[in-house]
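Can you keep this structure in mind? I'll have questions shortly.
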Amino acid sequence: MRKKLLALSMALVLLLSAAIPSFAAGESVSVSSHSLKVNGEAADVFAAYTINGENYLKIRDVALLLKGSTAEFSIEYASGTVAITTGSPYVPNGTESTAKPLAYKAFEASTDVVTIDGAAVGFTVYKIDGSNYFRLRDFANVGAYATFNSATSTADLLTIPDENAALLIHAAASLKATFEKSIAEFTALYPNVKIETNFGGSGALATQIREGGGDMFFSADEANMNKVDDLIITDSRTDLLKNTLVLIVPKGNPKGITSFEDVVTKVGKSGIVAIGEAKSVPAGDRAREVYEHLGLTAELNALTLTLGSDVGKVRAYVESGEADVGFVYATDALASGDKVEIIATAPDGSHAPIVYPGAVLSECKSPDTARAFLAFLGSDSVRSIFTAAGFTIA
């Protein structure tokens, strides 16, 4: 049976109603209702409260929603315990709990527990008027079973694939360090998933995909993703990250360059400028756009240019001192440590936006696994990897 991953997407839109005053221990509660989507379809089922600014859902409603699913996904509620057993993909069965809280009379911390696959998990549980509520964010604490994106208030509950899966991921060279960390976290959670990577210039990767396929593509620009638009699963395409173009020089800045304009006046005919290959390395294209914006294209082309097949090669030329200056993304410069200096950032509006889209390729043999990895990249734990490296979230 083809292996599957469950993506139970809970996109929650919080609508606060009458506020309830603060009560004992400084905790604050308000009645709320949520608009819930399960796998993209509306399922307005949950009774909910907001407790100290966090969303708490009625755990009995979760059991009612999933109980009897056609998937191998068992969830039971008895004696204060919700027990979830994971399996193959979840399909909602239409059962809805319409009970909504109107006010509260009794509120206390609960000793009831949630178990997943028989093991207790650290959910914060409150008892309100005799019913138990758990915190949505705690989905993020169940490791292999969930991710949480605080920016969109989305919890994704993922089952472990029941068969071995393999993915070949083509990704821009500027993603290498962060993707290696992200993939290590993903495969630690899903040890039966094998991921191979192919890092390089986005243009070259797009050509390789057209010639030889693969499972996923993460480009450093939209233009190269567009080149394979007919080879991707359309609804899987998503913008993940943004970056910044910077000018770097070797440590000590021997030429005394302080701006993009200085490159054409201070490098000189004996100097070398490192830049990504045109139409293959997005950072190189963005750099050329900057000089077109400045009206200095002819002056740049008159210099001695060393072309890098990807942004990592450009950085290496500057690190070694082989080049006097180079154009890379901020994340690449930061990854170099103290080997290079960032001396200028491209002026606002001087080049096309630097956006990293990702998508599942239509020839992917494990599309559910690929979609799960894509969702995993949007979780809080992985987003922190990207932001620490200097990316911003798209």
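The values are calculated or read from the model by the stated rules, or taken from the named source; none is laboratory data. If you're wondering where the values come from, they're calculated on a predicted model, not measured in any experiment. Cβ sites come from the backbone with ideal geometry, for glycine too, and all protein chains shown count toward neighbours.
What strands (runs of 3 or more DSSP E), lying completely within the range 320-394, carry at least 3 residues that are β-branched (Val, Ile, Thr) and either free of Cβ contacts under 8 Å to residues at least 12 places away in the same chain or surrounded by fewer than 21 Cβ atoms within 10 Å (Cβ to Cβ) (or both)?
Output list reads 340-345.
On to the next question. Which one is surrounded by the most Cβ atoms within 10 Å (Cβ to Cβ), of the residues in the range 171-192 that are hydrophobic (A, V, I, L, M, F, W, C) and at pLDDT 90 or above?
Step by step, filter the range 171-192, then rank; the result is 172.
Wholly within the range 229-310, which helices (runs of 4 or more DSSP H) include no fewer than the required count, namely at least 2 residues that are closer than 30 Å to residue 358 by Cα?
282-294
What single numbered condition from (1) modelled with pLDDT under 75; (2) crowded, with 16+ Cβ neighbours inside 10 Å; (3) at negative phi; (4) over 17 Å from the mean Cα position of the chain (by Cα) fails to hold for residue 168?
Evaluating residue 168 over (1) modelled with pLDDT under 75; (2) crowded, with 16+ Cβ neighbours inside 10 Å; (3) at negative phi; (4) over 17 Å from the mean Cα position of the chain (by Cα) leaves (1) as the failure.
Now for a different question. Please work out which residue is farthest from residue 363 (Cα to Cα), limiting yourself to the range 200-254 and to residues that are exposed (fewer than 15 other Cβ atoms within 10 Å of the Cβ) and among the small types (Gly, Ala, Ser).
Filtering the range 200-254 for residues that are exposed (fewer than 15 other Cβ atoms within 10 Å of the Cβ) and among the small types (Gly, Ala, Ser), the one farthest from residue 363 (Cα to Cα) comes out as 252.
(1) among the β-branched types (Val, Ile, Thr); (2) more than 23 Å from residue 336 (Cβ to Cβ); (3) crowded, with 16+ Cβ neighbours inside 10 Å: which one isn't true of residue 273, the others all being true?
Condition (2) is where residue 273 drops out.
Scan the range 178-228 residue by residue and report those that are in a helix (DSSP H, G or I) and of a type in the set (D, E, K, R).
Selection gives 180, 181, 185, 210, 211, 222.
Run residue 370 past the list (1) out of contact with any Phe, Trp or Tyr (no Cβ under 6 Å at 6 or more places or on another chain); (2) within 23 Å of residue 258 (Cα to Cα); (3) of a type in the set (A, V, I, L, M) and report the number of the one that doesn't hold.
The failed condition is (2).
Of the residues 336, 350, 362, 384, which single one is within 18 Å of the chain's Cα centre (by Cα) and among the polar types (S, T, N, Q)?
Residue meeting the stated conditions: 384.
Would you mention how many residues in the range 46-59 are at pLDDT below 65 and closer than 16 Å to residue 130 by Cβ?
1
Restricting the search to the range 310-328, which residues are within 31 Å of the chain's Cα centre (by Cα) and modelled with pLDDT of 95 or more?
Correct list: 313, 314, 315, 316, 317, 318, 319, 326, 327, 328.
Now for a different question. Does the range 288-309 include one or more residues that are surrounded by fewer than 24 Cβ atoms within 10 Å (Cβ to Cβ), within 29 Å of the chain's Cα centre (by Cα) and over 21 Å from residue 219 (Cβ atoms)?
no
Regarding residue 299, is this residue of a type outside the set (A, V, I, L, M) and within 12 Å of residue 264 (Cα to Cα)?
yes
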